[in-house]
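Participant: Mind having a look at this structure? Questions to follow.
Computed from the coordinates by the stated procedures, all read-outs in this text should not be read as laboratory data. Only a predicted model underlies this, so the values are computations on that prediction, with no experimental measurement involved. Here the Cβ positions follow ideal geometry from the backbone for every residue, glycine too, while neighbour counts run over all protein chains shown.
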Amino acid sequence: MLEIKNLHVKLEDEDKQILKGLDLTVEAGKVHAIMGPNGSGKSTLSYVLSGRDGYEVTDGSATLAGEDLLELEPEERAALGVFLAFQYPVEIPGVGNMTFLRTAVNSQRKARGEEELSAADFLKTIRAKAKELKIDADMLKRPVNVGFSGGEKKRNEILQMAMLEPKMCILDETDSGLDVDAMKLVAEGVNALRDEGRGFLVITHYQRLLDHIKPDVVHILAGGKIVKTGGPELALEVENNGYAGILAEVS
Amino acid sequence: MALAEAKQSATEARLAAMSLPEGGCLAAARQAALSRVQTLGLPGRRDEYWKYTRPDKLTSAEVSKAAVFASDEEPMFSEFDRLKIVFVDGVYNAEASDDLSLEGVQIDRIADICCQDIHWAKDLYGVLEARGQSPVARPLAALNTAFAQDGVAIHVTGKPSKPINLVYVHSDEASDAILHHVIRVEAGAEATILENGPAASRFNKCMEIDIADTGKLHLVRAQGRDHERRAATHLFARLGSESVFKSFTLTVNGILTRNEAVVEILGGDAIAHIAGACVGDGEFHHDDTVFITHDAVNCESRQVFKKVLRNGATGVFQGKILVKEGAQKTDGYQISQSLLLDDDSQFLAKPELEIYADDVICSHGSTTGAIDEEALFYLRSRGVPAHEATDLLTLAFLAEAVEEVEDQSIADAIVARLEGWLARRR
């Protein structure tokens, strides 16, 4: 599904190399987790894959189902099936959540040459999905993320994911700022979307989230590279021993 | 004090070609207005109040030609049930207008009133304009009072069942129109006035609004989409206690537009909202100049102005809240913001507060900025194409001003026009 080869990325404005030869393959139907210490390049990876400005790819490639992602605009990547659940979802005053979601869903359908969803169908679908995530009607009417609590913002991200049905979901520290109950709710939302045709890349600091979203593969990212790959037990090792032990072992 | 020589000669040059229309019961008001113009002189480039906007084309004796704009859209407000009053190049057109009778309101032409010896409008025509000359001179409004040949006097005595729509039509590329409307809203009465359409090559319009205690008036106007328009408009409003005045102006395109609003709140518990949204592209200069005086207790005023500017367009905001001694519990709010869609456009703002009462809430803010890159990326990452995402954010920026329009269907019509304007620029 997602194939990243020898990815080198630096900041556009300064001479700072962040990713230094990252290799990663996420298969359809699998959940991969990326853990790593602060500054290892986790968020950069998520932004580079989704097409945010400010990064320069100096070497390597990233493809989704064989399509070169790095040449595409963010909206084209989204239409191909890339979805990034933001660590800090952006507040957009003046744009209603519902309008936003409908525009997004229909923009993607249009880009793929599919028919747009009618207002009635859209409403029916979003109501059902919102209910599962305990998102009330009021939250749908309010401007995007404005006045939402941390938990509401993350639930709203998962709702968008559910509506957009992406092929490749990237979750950037979705657990940050969540209490245990909110995390469970978000994890349930994610688990409901697990599907044979869909890949997940879960970026997190802590093992906690992985208790709820069980990964198939765990990677440790440090210094801009994947330094170790293993099963779910690797996350537990991090939890028990910290990163220091693993880093010492691989260096 | 004698006028500076340059100003004196410019004023004389402008007045030379003009003659006072027949006055009837308005003759004294016209004569007094003419002497105000002569005393004040027309605005010049060195006047502080015209620091950001060059008045030359508004004051010159010669009018610059302006192409008649052919729109591909239905005129604004066409979809509403309304009483239509049409002016072509500043002259009332009976054929295109609806019958002027409507329950709850009496409508007369200023041109007809000029032939009468007695009419209620004589106590309003030029009166609020004259009051509005202090502390800041507004000579173009005095010029209007003196020379306007047409316009309407609207006396609202009840609650008319539909809005009154003043429709302006531009047909002559050298037209120089002066219109003066007076509106009196009686106690307990309520009306909505709509204005739209390119009026003339050069347009000088004055509207005096007197709202009695507990009266309500909603004014929604749409200026544009003609590009070559040069317009100076003045709105003078006087509010009695517990009265409500809400004004919203949409401005689309236009080489030069100066909209002045002068509101005097004289009765307690009154509410005045003056709002505007404008969008300009290229050769566009838009100036909102607002002066709200609180002279009564417990009143609320809001000024909400938003400007979207691109390709070197210029936006100006001069807004003042004056709270007089004794006007306690005043709640004054003023916000002026611009969204610059490129580096060439500019926004010039002069917010002012002058407060002589000690128990008031007054806030003002002015910002200028570009599209929020974070928000833009967020939208794009969800699949919304860049241009569509930019439009969504632009409309979101304008939303606070459009929300000042109380009637939802009218607000929707305004948003539709803004969407159209943005879509044509993709």
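Participant: Once both axes come from the Cα atoms, what is the angle between helix B:386-402 and the longest principal axis of chain B, in degrees from 0 to 90, rounded to 10?
Facilitator: 40
Participant: Still on this structure, please answer the following. Please report, to one decimal in angstroms, the Kirkwood hydrodynamic radius of segment B:1-55 built from all distinct Cα-Cα pairs.
Facilitator: One decimal place: 12.5 Å for the Kirkwood radius.
Participant: May I pose another question? For segment A:37-103, run through the GluC sites (Glu not before Pro) and keep only the ones in DSSP coil with at most 16 other Cβ atoms within 10 Å of their Cβ.
Facilitator: A:Glu71
Participant: At 1.002 mPa s and 20 °C, plugging the Kirkwood radius over alpha-carbon pairs of chain B into Stokes-Einstein gives what diffusion coefficient in µm²/s?
Facilitator: 98
Participant: Continuing with this model, one more query. Run lengths n ≥ 4 of DSSP H only: what is the helix-derived mean residue ellipticity at 222 nm for the protein assembly as shown, with -39500 (n - 2.57) per run over all residues, to the nearest 500? Before the final figure, lay out the partial values.
Facilitator: Numbers: 18 runs with 193 residues, N = 677.
Helices in the protein assembly as shown give a 222 nm mean residue ellipticity of -8500 deg cm²/dmol.
Participant: Of the peptides B:242-254, B:61-73, B:26-38, how do they stack up when ordered by the mean number of other Cβ atoms within 10 Å, highest first?
Facilitator: Descending packing order for the listed peptides: B:242-254, B:26-38, B:61-73.
Participant: Could you sort out which of A:Lys20/A:Lys141; A:Lys42/A:Lys167; B:Lys51/B:Lys84; A:Lys16/A:Lys214; A:Lys141/B:Lys205 sit more than 32 Å apart by Cα distance in this structure?
Facilitator: From A:Lys20/A:Lys141; A:Lys42/A:Lys167; B:Lys51/B:Lys84; A:Lys16/A:Lys214; A:Lys141/B:Lys205, over 32 Å: A:Lys20/A:Lys141; B:Lys51/B:Lys84; A:Lys16/A:Lys214; A:Lys141/B:Lys205.
Participant: Then there is this: So which of B:Lys7/B:Lys324; A:Lys129/A:Lys154; A:Lys131/A:Lys184 end up more than 22 Å apart, counting from Cα to Cα? Could you put the intermediate results ahead of the total?
Facilitator: On the way: B:Lys7/B:Lys324 32 Å; A:Lys129/A:Lys154 14 Å; A:Lys131/A:Lys184 15 Å.
Correct reply: B:Lys7/B:Lys324.
Participant: Using the Cα atoms as the points, what is the convex hull volume per residue of segment B:197-275 in Å³?
Facilitator: Residue-normalised Cα hull volume stands at 66 Å³.
Participant: Over segment B:235-349, what portion of Cα pair distances is larger than 26 Å, expressed as a whole percent? Walk me through the numbers on the way to the answer.
Facilitator: Values: 1650 of 6555 pairs.
I get 25 percent for the Cα pairs in segment B:235-349 exceeding 26 Å.
Participant: Also, quick follow-up: Amide H of B:Gly197 versus every other amide H placed in the peptide plane: which residues, excluding those fewer than 5 positions away on the same chain, fall under 5 Å?
Facilitator: Residues meeting the amide H criterion: B:Tyr168, B:Ala222, B:Gly224.
Participant: As a test, work out the antiparallel percent of DSSP beta bridges whose residues both lie in chain A, rounded to the nearest 5.
Facilitator: Close to 55 percent.
Participant: Here is a further query. Taking loop as defined by DSSP and a crowding limit of 11 other beta carbons within 10 Å, which GluC sites (Glu not before Pro) in segment B:282-357 fit?
Facilitator: Listed in order of number, the matching sites are B:Glu325.
Participant: For segment B:29-137, compute Rg over Rh where Rg is the Cα radius of gyration and Rh is the Kirkwood radius from the inverse mean 1/r over Cα pairs.
Facilitator: That ratio is 1.02, to two decimals.
Participant: If you don't mind, another one. Scale the Cα Rg of the protein assembly as shown by the rule-of-thumb value 2.2 N^0.38 Å and send over the ratio, two decimals.
Facilitator: On the way: Rg = 30.9 Å, N = 677, 2.2 N^0.38 = 26.2 Å.
Taking N as the residue count of the protein assembly as shown, the ratio is 1.18.
Participant: Check which residues have an amide H placed less than 5 Å from B:Asn165's amide H, if you skip close sequence neighbours.
Facilitator: Sorted by chain and number, the residues that satisfy this are B:Leu83, B:Lys84, B:Ile85, B:Leu194.
Participant: So how long is each side of segment B:116-223 along the principal axes, counting just the alpha-carbon atoms, biggest first, in Å?
Facilitator: 42, 32, 31
Participant: I've got another one for you. Please find, in a Gaussian network model of chain A (springs between Cα atoms separated by less than 10 Å), the residue of A:Leu22, A:Leu209, A:Leu123 whose mean-square fluctuation is greatest.
Facilitator: Answer for the Gaussian network model of chain A: A:Leu123.
Participant: Can you give me the long-range amide H partners of B:Val263? Hydrogens built in the peptide plane at 1.01 Å from N, cutoff under 5 Å, separation of 5 or more residues or another chain.
Facilitator: Residues meeting the criterion, in which the H sits 1.01 Å from N, are B:Ala237, B:Phe291, B:Ile292, B:Thr293.
Participant: Starting with the highest mean, order B:95-108, A:107-120 by the number of other Cβ atoms within 10 Å, averaged over the residues of each peptide.
Facilitator: B:95-108, A:107-120
Participant: With all distinct Cα pairs included, what does the Kirkwood hydrodynamic radius of segment A:1-132 come out to in Å, to one decimal, could you say?
Facilitator: 16.8
Participant: In addition: Please report, to two decimal places, log10 I(q)/I(0) for segment B:341-426 at q = 0.10, 0.21 Å⁻¹ as given by the Debye formula with identical point scatterers on the Cα atoms and no solvent.
Facilitator: Each listed q corresponds, in turn, to -0.39, -1.14.
Participant: Which whole number in µm²/s is D for segment B:222-266 by Stokes-Einstein, with the Kirkwood Rh taken over Cα pairs at 4 °C and 1.567 mPa s?
Facilitator: Values: Rh = 12.0 Å.
D = 108 µm²/s.
Participant: What is the mean number of Cβ atoms from other protein chains located within 10 Å of the Cβ atom of each residue in peptide A:87-95, rounded to a whole number?
Facilitator: Taking the mean over all residues of the peptide, I get 6.
Participant: If you take the C-alpha gyration tensor of segment A:183-251, multiply each eigenvalue by 5 and take the square root, what semi-axes do you get, largest first, in whole Å?
Facilitator: They are 24, 13, 9 Å, listed from largest to smallest.
Participant: Calculate how large, on average over all directions, the projected area of the Cα convex hull of chain A is; give the answer in nm² to one decimal.
Facilitator: The orientation-averaged projected area of the Cα hull of chain A comes to 13.4 nm².
Participant: What does the extension gain come out to for B:Ala94 and B:Ser134, with contour length at 0.36 nm per residue minus their alpha carbon separation?
Facilitator: Value of the extension gain: 10.7 nm.
Participant: Mind ordering B:365-378, A:151-164 by average Cβ neighbours within 10 Å, highest first?
Facilitator: Output ranking for B:365-378, A:151-164: A:151-164, B:365-378.
Participant: Right, next: Quick check on chain B: of the DSSP beta bridges with both residues there, what percent are antiparallel, nearest 5%?
Facilitator: Expressed as a percentage, antiparallel bridges in chain B total about 5.
Participant: So what are segment A:52-118's ellipsoid semi-axes, whole angstrom, largest first, if each one is the square root of 5 times an eigenvalue of the alpha-carbon gyration tensor?
Facilitator: On the way: eigenvalues 122, 67, 14 Å².
In descending order the semi-axes read 25, 18, 8 Å.
Participant: If you don't mind, another one. Just report the Cα centroid separation between segment A:106-134 and segment B:131-200, whole Å.
Facilitator: So the two Cα centres are separated by 47 Å.
Participant: What fraction of the DSSP beta bridges in the protein assembly as shown is antiparallel, stated in percent and rounded to the nearest 5?
Facilitator: Looking only at bridges with both residues in the protein assembly as shown, the antiparallel portion is about 20 percent.
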